[in-house]
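Enquirer: Dropping a structure here in structure tokens format, bear with me for questions.
The values are calculated or read from the model by the stated rules, or taken from the named source; none is laboratory data. All of these numbers come straight from a predicted model, not from anything done at the bench. All Cβ positions, glycine included, derive from the backbone under ideal geometry; neighbour counts span all protein chains shown. Heavy atoms of the whole protein, side chains included, go into the accessibility calculation; ligands, DNA and RNA do not. Shrake-Rupley method; radii C 1.70, N 1.55, O 1.52, S 1.80 Å.
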Amino acid sequence: MLIDVPSQLETERLILRAPCQTGDGQIVNQAIKESYNELKPWMPFAQSIPAVEKTEENLRNAFIKFQKRDSFRFLIFLKNTNEFIGTASLQGINWDIPKGEIGYWINTKFSGNGYITEAVKAVSNLGIVDLHFNRIEIRVESTNIKSRRIPEKLGYTLEGILKNDDLSADGKILTDTCIYALINT
């Protein structure tokens, strides 16, 4: 609880901030709607379009977890326009090691510009440099090639592929999980 974690990160093109403002649910929900077809195959939360109230509730719970130091979800905004473009989170934290896992998604209309790579790099630096994590993982379904490019670009090591490790986002088929890791040396 006493660990100092910034509620905002800044990169060359982006502002990442904790989900702490009224109206965050509306903008995140709109991005989910706009990206529904691309998110649905990979994200369990995108199997149906949630009500704005459910998104707002989810973000408020994320902020509580942020304050409790259980996980750190950041909303990503373009610095020059303040448009919301996606999220990046440091989650699954084990303070005994310490280690965590990064998750992310982007509004489809902003993909292909390197924004998520930039955001994940910032969250990785938060974990390794600021929080002194010994390990950060990114777990990706093996067939999600676009998502796999992120840890590969950032120098994460593919430690292995777990066969039949998880269910697809819709819960219908077994999938393989790629485990990428960044180790603090």
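Enquirer: Does ILE116 count as assigned to a strand (DSSP E or B), buried (at least 22 other Cβ atoms within 10 Å of the Cβ) and either in contact with a helix residue (DSSP H, G or I) (Cβ under 7 Å, 6 or more places away or on another chain) or without any contact (Cβ under 8 Å) to a residue 12 or more places away in the chain (or both)?
Expert: no
Enquirer: Can you tell which of ILE136, ILE161, ILE128 is surrounded by 15 or more Cβ atoms within 10 Å (Cβ to Cβ), touching an Asp or Glu at 6+ places or on another chain (Cβ under 9 Å), farther than 17 Å from PHE77 by Cα and of a type outside the set (D, E, K, R)?
Expert: ILE136
Enquirer: Consider SER89 against the criteria (1) at pLDDT 95 or above; (2) loosely packed, with under 13 Cβ neighbours inside 10 Å; (3) among the small types (Gly, Ala, Ser): it satisfies all of them except one. Which criterion is unmet?
Expert: (2)
Enquirer: Please work out which residue is least open to solvent (accessible area, probe 1.4 Å), limiting yourself to segment 103-113 and to residues that are part of a helix (DSSP H, G or I) and in contact with a helix residue (DSSP H, G or I) (Cβ under 7 Å, 6 or more places away or on another chain).
Expert: THR108
Enquirer: For segment 55-77, which residues satisfy the criterion of being of a type in the set (D, E, K, R), touching a residue at least 12 places away in the same chain (Cβ under 8 Å) and part of a helix (DSSP H, G or I)?
Expert: GLU56, GLU57, ARG60, LYS68
Enquirer: Further, regarding this structure: Restricting to segment 14-29, name every residue that is crowded, with 16+ Cβ neighbours inside 10 Å and assigned to a loop (DSSP other than H, G, I, E, B).
Expert: Residues satisfying the conditions are ALA18, PRO19.
Enquirer: I'd like to verify a number: residues in segment 139-156 that are open to solvent by less than 80 Å² (accessible area, probe 1.4 Å) and either of a type in the set (Val, Ile, Thr) or under 28 Å from ASP96 (Cα atoms) (or both), how many?
Expert: The number of residues fulfilling the criteria is 8.
Enquirer: Taking ARG149 and the conditions (1) touching a residue at least 60 places away in the same chain (Cβ under 8 Å); (2) assigned to a helix (DSSP H, G or I), which numbered condition does it fall short on, given that it satisfies the others?
Expert: So ARG149 meets the others, but not (1).
Enquirer: I've got another one for you. Looking at segment 164-176, which of the residues that are without any contact (Cβ under 8 Å) to a residue 24 or more places away in the chain and in a loop (DSSP other than H, G, I, E, B) is most open to solvent (accessible area, probe 1.4 Å)?
Expert: Only one residue fits best here, namely LYS172.
Enquirer: If I go through segment 30-54 residue by residue, how many of them are hydrophobic (A, V, I, L, M, F, W, C), closer than 15 Å to TRP105 by Cβ and part of a helix (DSSP H, G or I)?
Expert: 5
Enquirer: In segment 56-66, how many are open to solvent by 10 Å² or more (accessible area, probe 1.4 Å) and either closer than 22 Å to VAL123 by Cα or among the hydroxyl-bearing types (Ser, Thr, Tyr) (or both)?
Expert: Going through segment 56-66 one residue at a time, the tally reaches 6.
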